[in-house]
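Encoded as structure tokens, the structure appears first; notes follow it.
The values are calculated or read from the model by the stated rules, or taken from the named source; none is laboratory data. Predicted model only: the values in this text are computed from it and were never measured. In this analysis, Cβ positions are derived from the backbone assuming ideal geometry, glycine residues included, and neighbour counts consider all displayed protein chains. Note: accessible area is taken over every heavy atom of the protein model, side chains too, but ligands, DNA and RNA are not part of it. Shrake-Rupley method; radii C 1.70, N 1.55, O 1.52, S 1.80 Å.
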Amino acid sequence: EADHTCVVCPDCFFLADHTGHSVHLIRTVNGCCDCGDASSWKPSGFCSRHRGITDEQDSDRALLALAPALRARCEEALGEAVAFADGLLQLLVTKKQGECEEDSSAMGACLDWLLSVSEVSFGLRYLFGTAVTPKLQAWIQVSNTMEHEAAQKVLGDFFMSSIQQSPRLKLAFAAACAELYEELGYDDGSSGARPVARLTVQLFSVPEVGLVLCRDYGMVPRVCKLLVETLGRALPAADAEARQRPPNDPQALQQAIHVICDLRYLFYNENVCDFVLQHAPSRESLLTVLRHLWLLHPQRRKVGEHLLWESDELLYSFRIEGLVSDAFNNLQTAARRLPWEAAVVWYGELLEALRSLPPPSGADFSFHCRLTRCFAHSLPLSSLLKALRSQAGGSAGGGSSDASDVDIEVVPAAEDPSSWLQLVSPEHAELLLKAAVRSYTFGAEVRAGHWVRNGDAVRRQWRSYAAYGWETEDVLTIQVACLVLALHSSDCSSRAEVSPSALEPLGKLWQVVFPILPNQDLEFQWSSMLEIFASSTGTDSVGMSEYEAFRAEIFWELLGRVVNEAWLADLCEARRGTPEFNSPAARAALGRCMIHALAAKPANASELDKLLPDQWQGHPLKDEVLRAVATGKASDDGVLKFELKAESWKAFDSLMVMEGDRMPAEAEEAAMKHGSDLLGPGRADNDGSCQAWRDALLWALSATGEPLVPMIRALLRWRCLAQRRGSTFAALALPWATKLVDLMNSSQHIVGDVPSGCMSFLSSPFGGELCVGSPAEMMMDDKLVRGLLCAVNDMATAQLLLEDGTCATFDTSLGAAGPVAPTWSEEIDAALQALRESGAIAHLVARCVARGAA
């Protein structure tokens, strides 16, 4: 099938060869069988009765098969039949509802006769089309205004059958509809209502027809203009006056949904997307739609009144943007496919549209920022990765290139760092960052129960925000913004007039998450927060506000997700219908989703399909990947259920988020029982291009001179001190900090070689006061300390543990039994020498002293 709107009837299905095809059975009361239509179905899937129609058969050359006398008589008869039907139609317009049955039947019989003649031969079909075409526009107009349901149904059936006769007639009918598009209205599902409105899917989804309509009839600007007009009548925009009123025209909402579907049908066609992206009026009309959706349905803090209509309206606002997002998917894929010189115009216009929007009020929050998501998902992200590698000298996302190759090879414009620096200014990157973080933080507040206004209505908004995948889209937008800021920071390092620190993505992210804090040194602010929080005792947390504690959690969660979910760039390009959809990166992502879907409990095939994101449901590699990660076992009731293989648990990541859903406690407990470290795959697991993206993101957040490691070290220090003081220091940022250290350990550009023998000294979990809390928290404490000491080779961490006396608490349990006799060996000597050189010797000396081995 050409797209998911194409179907065949059971008779045609069983008369064709569909061996090995993925098949979906549906029930429908509308539509028609697409067998024999090359614009809907591949000819190899045609049944034996419908073999399609050639260009020669659909032209005046088909008349050569008719005898001249027969041709003349048929032309005359067909013309008279069309005139007779037209007369009956005009007569019906003047009659009342109960007076038209006889005339409707006569008109139906006439139109049926016309169709039967057209099926006799290709020559007669051509004559039928020639006779009917001049009347199409008038008949369409009458069918939309008349009130006789029986006559409307007769015309609707005739239109449906006639446009399937030939591509030439379908194009003529589409042109007639285009002339009257604004008058077509929408199909409300009632019998006979608006018969032409329901036919747009048959017209706009045909590549040749869609291109003609966009090129010759300006279809995209007209569709977008109608959409904005109907939305203006239906939903409040982000302005004070509109915010206070309920939707005025519910019918306008239904029409808006119909118009968005028409836009989606047009964008099913690659040739239409390519044309639209290079057609200035079409691009401007699309930007108008995106501007109109900006901050749709805003929420306000500290507003006393409850808007009773709010719950119903939010359903429409999310559905509207969800449909627009679906419509733009193919357009975004086309933008990545276009040459950089052509696509960069569209990218620039998206950024300028973003800059032209008024900044959101501090009191207004909304989940709707389609403009930024559209920009991030339209970019050729694989080219951005290559540009980052070039700018970072190979440390961002892979090894460095050979110098001789660089001198010879001509770098494509999309892979040239200067192209990205010219396209996305620091101001643009900061706007992208602010919009995405604002929506994400709003969702986090709702999820955590910090937003109580309007009760369940706003919680339903967050669930929709996550289920539609917008939360994940915002994470990708933040990734793009951080990478571009890092490019600018790296570029500024050689220019004295710009301070690189002013563009550092880690600092920018902190400022956006904490908009009310003064713009001070990031490391100092973080350490001050930790000191206040760690000084509290018992259940008291005096000193650190709830706002600061919550925002700190959000900062580290965002930071961890930005680095951890490095596969989002691959998934953005792995859309259905693209070569990347079946790539190794897509396969790895599908396997990752299956592992986390099955972690909590085994599931059958249907249950697993519901747990997977929409992108992976029905994927051609699904069965193969499922066999690789899970085994099927028959349950007591005979149902085949799948459970994870033992080796699959290594890839379990307790911090992974799927469509807004966090891993349940049952999944974490099951993973620990199977020996998982809860941190997911690392570099040794060969996660493909995902690791290259992870390296690039870590380079952006740490290799540009930002205090990422010192901030994690400060967390560890104050956590140790708080435990000794008896404070109930919460696991503030602990999981995400641990995850970041683990990701650093698997990153080429940060990690050197792990000192020989180092891990053998620290192979068992730390004891003492540091490891408290749940088993998962104790494991993360251990991972955090070992990660900083061993793989990152962080001497400062070892020194602070020694200075604080923390190391002395690790082995206090040995005090009663007396010192342990040392057992020296060449391995220990070699390990000590390596650790002395690496700077981590201070910690191990402290441990040796504690064991009496000095």
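In table form, for the structure just shown:
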{"quantity": "Principal axis box of the stretch 512-625, alpha-carbon based, largest edge first, Å", "calculated": "55, 32, 18"}
{"quantity": "Cα→Cβ-extended label distance, 7 Å offset, between Ser116 and Phe524, nm", "calculated": "9.2"}
{"quantity": "Rounded accessible area of Ser356 (nearest 10 Å², 1.4 Å probe)", "calculated": "80"}
{"quantity": "Virtual spin-label span in nm between Glu531 and His24, 7 Å along Cα→Cβ", "calculated": "5.9"}
{"quantity": "FRET E, pair Lys42, Glu182, Förster distance 30 Å, beta-carbon r, rounded to 0.05", "calculated": "0.30"}
{"quantity": "Cα-based convex hull, the stretch 617-666, per residue volume (Å³, whole number)", "calculated": "130"}
{"quantity": "Tensor-based shape of the stretch 580-641 (alpha-carbon gyration tensor, a/c under 1.5 rounded, otherwise prolate or oblate)", "calculated": "prolate"}
{"quantity": "Compactness of the stretch 554-707 as Cα Rg over 2.2 N^0.38 Å, two decimals", "calculated": "1.08"}
{"quantity": "Theoretical gain in end-to-end length, Asn329 to Thr5 [0.36 nm per residue, Cα-Cα removed]", "calculated": "115.1 nm"}
{"quantity": "Area accessible to solvent at Tyr268, 1.4 Å probe radius, in Å²", "calculated": "50"}
{"quantity": "Values of log10 I(q)/I(0), in the order q = 0.11, 0.14 Å⁻¹, for the stretch 112-230 under a Debye, Cα-only, solvent-free model", "calculated": "-0.37, -0.59"}
{"quantity": "Counted charge near Ser59, where neighbours are those whose Cβ lies closer than 12 Å (Asp, Glu -1; Lys, Arg +1)", "calculated": "-1"}
{"quantity": "Tensor-based shape of the stretch 15-158 (alpha-carbon gyration tensor, a/c under 1.5 rounded, otherwise prolate or oblate)", "calculated": "oblate"}
{"quantity": "Simple label model, 7 Å out from Cα along Cβ direction - Arg337 to Arg355, nm", "calculated": "3.1"}
{"quantity": "Charge sum, other residues only, whose C-beta stays under 11 Å from Val220's C-beta, Lys/Arg counted +1 and Asp/Glu -1", "calculated": "+2"}
{"quantity": "Area accessible to solvent at Thr5, 1.4 Å probe radius, in Å²", "calculated": "40"}
{"quantity": "Local electrostatic count, Met107, Cβ distance below 13 Å [Lys/Arg +1, Asp/Glu -1]", "calculated": "-3"}
{"quantity": "Additional length obtainable on full extension of the chain from Lys135 to Asp609, 0.36 nm per residue less Cα span", "calculated": "165.7 nm"}
